[in-house]
Structures are given as C-alpha cells and as structure tokens.
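K.L.:
Before anything else, here's the structure in question.
The values are calculated or read from the model by the stated rules, or taken from the named source; none is laboratory data. The model shown is predicted, which means the values in this text are computed figures rather than measured ones. No Cβ is skipped: glycine too gets one built from the backbone with ideal geometry, and neighbour counts run over all protein chains shown.
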Amino acid sequence: MKDKILAGIRKFLIWRVKHISNQNFIYMLSILIGFFSGLGAVVLKNMTHYIQYLLTGNLIEHYHQAFYFIFPIIGIVIVQLIIKHIIRHKVGHGIPSVLFSISKKKSFMERYQMYSSILTAPITVGFGGSVGLEGPTVATGSSIGANIARLFHVNQTTRTLLLGCAAAGAMSAIFKAPVAAIIFAIEVFSLDLTLISLVPLLLASASAVLTSYLFLGSEILLHFNLKDAFQIREVPFFILLGLISALTSVYFSRMFFAIEDRFESMKSKTKRLVLGGLGIGVLVYMIPPLYGEGFSSINNLLQENYRDALGTNLFENYLDNIWVVIAMLAGMVLFKVIATSLTFGAGGVGGIFAPTLFVGSAMGLCFAKIINELNFTDYRISESNFALVGMAGVMAGNLHAPLTA
C-alpha cells in the first residue's frame, strides 16, 4: 500500500513539473498548509475548552473548589504518560522547536511533531497548567508544513518559506488577524520580505483564518473597544510604561530560566512532577485567574473589569480598597511567571505567548491605577489603553517582536 502511494506521488511530481510552474505550486501548497494549520488551531482550542468544561462544569461541580490544586498535577501526569507510551519522543516547547529546526535541521521537522502538541497541550492547559496554546499551535502547523514540503521534495528555501506559512496560518486562525500573523512569521522566523515570499504567506494566512471562521464562527479571542482617545499629554507615562515593560520582560525571562534550570538539575522526573504540579495547584487555588491560558482575565483587564479579572479569591472582601486591587494585580504579574515556569518544569506542554499577554495587561492596568490614585496629574489616564499598551510592551520584550506587538 505504501509503495503504491509513493508511486502515485512520483507520478504526480512528474506531471506537476510538466504542467504547473514552481511558483504556482508553492501558492497551492501554501493554501493547503494554511488550511491544515487553521484546522490544527481549531482542534487544539476545542479540545482544551471541552476539558475545561468537564472540570469546571456540572460533572464535578461540588468538588471543584476543594480539589482545585489537584487538577494541574493530574493533567501533567496524563501528559507524561502520553509522551512515554504514545509519542515516545521529547515534545518541544512550541516556537523554539520550530526555530531549532530552521537553524539546525534545514527546516525538517519530525512526523510525530504533527500530533504531539495536539495530544498534550490541551490536557496541560485544560487541567489548569498556566501556559498558552499559541506555541503548540505554531509547532503543529509548522510540522505539518515541513512534512508536506518533504512529501513533495521542495528545496530548503521553499521548505523554510512553507514552514513560515504554517506559522502565519496558525496565528491567523487563533487571533483572526491575518495581517498581524504575516508580520509575526516574518519577524520571528526572519523570513525575507519579498513579493515571492509575501504572496504565499498571505494565501496561507487567509486560508487559515477562513478555516477558523468556518469552524469557530466570528467570535474573537481578544476584545478591545477604544473608549478613550489618545492624548499627547500621556506620552511621558507611556514612555515610563515602556521602561517598566522592559523590566517586566527581564523578570519574566530570568525567573523562567532560573526555575527551568532548577528543575533540570533534579534527576528524578517524579520529583519534578510532584513539586511543579503541587506548586501550580497551590498558586491556582490561591489566585484562580492563573488557571489555564487566562484570556477571560485578559479581556476583563482590557475592559477595566478588575473584579471579574481577579475572580473569587481570599481577598475578595477587601476589593473596595483600591490598594488591595493594585497589590492583587501586581501579584498576578509576579506569580503568573512563576506558575508558567512551574508548569514547564513539571513536564507540561504549552507556550509563553498567552502568559506574556496576561502579564503585560495586568502590569499595564496596575501601572495606570497607581498613577491615577497618586494624583500625579489633574486628569485620569486611560486604564484600558495602558493595559493594552502594557500587553504589547511585554510581548515585544519577551518575543523580540515589536512589529507584531
């Protein structure tokens, strides 16, 4: 059967050389890869939401609060069993694994990478792991793109381009922002910005976003309505926010790598799993917004709905005091980074894109509230605008992608 398939592919390739130009074939492949990347994003999102629905819905409604801290460790145990008995390979962390394949493996990616993140990331996030799905979605789409390129025997340059098309398609499908997704692919993967590369990226991005609309409807992930116009007098505060965003990015990176190094120094995988899983569970129990990706909290922060963003917590009776709110927002910034690092250290699979947005939005809103409460000016600065800009600032610092931000 396999020989027949390979013979069929060889016949197609011979026919393709005679009847379809190389450039048109790349366009066709980019559309196909965009569709599969969008499909991968849909599957990852739906699986995660279904798991979260089971855990937070009526099925275990009466036990949810009491055993909140147990969910993350259960999820990571399941993930480790899947990796050991089904995947049987190390599962990389999203975007870094794609960059490694470009720089060290001539843009080749292993076949198991097409499904490894789909099997593991939704369980990690669905059970409360404080990581995102964007990295695994990009890794899944990029692996599909790389293996389609391998199937049709394209050269390394085209293979890298198609891998970038897959990444653009994945981000386009998640955020329904095809232009931003193209910028992301060019900026993060250092693709050449030429007409030859731009058209396939555009086709892949459009194909993926149409796939996302087909399966998920018109609902978007981030909701932001511009309520307050930009004021030139706020520029000094935006500059200060940029500096604080840089410091927050440095804190994120150093804390992440410090915790990762500490866990890697532990020889026992069981010890890593138990310490990391219990650490996440305690943090999530104490600060419920740290559960999972946190996009509902991000949207509430962007709308200045800090009560809903903070959720039910030990200090909810004191939220009438604005300084308690500010302290809670600062705590979300500090402990989200730790929760994300613990999730990776324990053996979870995910990405840092969503945690970066979470940290940035909380930091921006916290900064704006401090400025307003200290009465530095005779006017109040826009808290929602500063939450948005803070999110972009930390994203630019963490991912080194200012244009995408």
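K.L.:
Please specify each residue of region 117-138 satisfying the condition of being part of a helix (DSSP H, G or I), modelled with pLDDT of 90 or more and either β-branched (Val, Ile, Thr) or touching a Pro at 6+ places or on another chain (Cβ under 9 Å) (or both).
P.N.:
Answer for region 117-138, where residues must be part of a helix (DSSP H, G or I), modelled with pLDDT of 90 or more and either β-branched (Val, Ile, Thr) or touching a Pro at 6+ places or on another chain (Cβ under 9 Å) (or both): Ser117, Ile118, Thr120, Ala121, Pro122, Ile123, Thr124, Val125, Pro136, Thr137, Val138.
K.L.:
Considering region 356-387 alone, what residues qualify as being in a helix (DSSP H, G or I), among the hydrophobic types (A, V, I, L, M, F, W, C), surrounded by 20 or more Cβ atoms within 10 Å (Cβ to Cβ) and more than 16 Å from the chain's Cα centre (by Cα)?
P.N.:
Ala362, Met363, Leu365, Cys366, Phe367, Ala368, Phe386, Ala387 - these are the residues of region 356-387 that are in a helix (DSSP H, G or I), among the hydrophobic types (A, V, I, L, M, F, W, C), surrounded by 20 or more Cβ atoms within 10 Å (Cβ to Cβ) and more than 16 Å from the chain's Cα centre (by Cα).
K.L.:
Please find, within region 204-218, the residue that is surrounded by the most Cβ atoms within 10 Å (Cβ to Cβ) out of those that are in contact with a helix residue (DSSP H, G or I) (Cβ under 7 Å, 6 or more places away or on another chain) and farther than 12 Å from Ser37 by Cα.
P.N.:
Leu216
K.L.:
Give me the pairs: first residue in region 94-106 and assigned by TED's automatic domain parsing to the domain that holds Ala167, second residue loosely packed, with under 15 Cβ neighbours inside 10 Å, beta-carbon distance under 6 Å, and six or more apart or on different chains, which are they?
P.N.:
Lys106/Gln156
K.L.:
Return a yes/no flag: does region 325-332 have any residue that is modelled with pLDDT of 85 or more, in contact with a Cys (Cβ under 8 Å, 6 or more places away or on another chain) and of a type in the set (Gly, Ala, Ser).
P.N.:
Within region 325-332 (the criterion being modelled with pLDDT of 85 or more, in contact with a Cys (Cβ under 8 Å, 6 or more places away or on another chain) and of a type in the set (Gly, Ala, Ser)), the answer is yes, since at least one residue qualifies.
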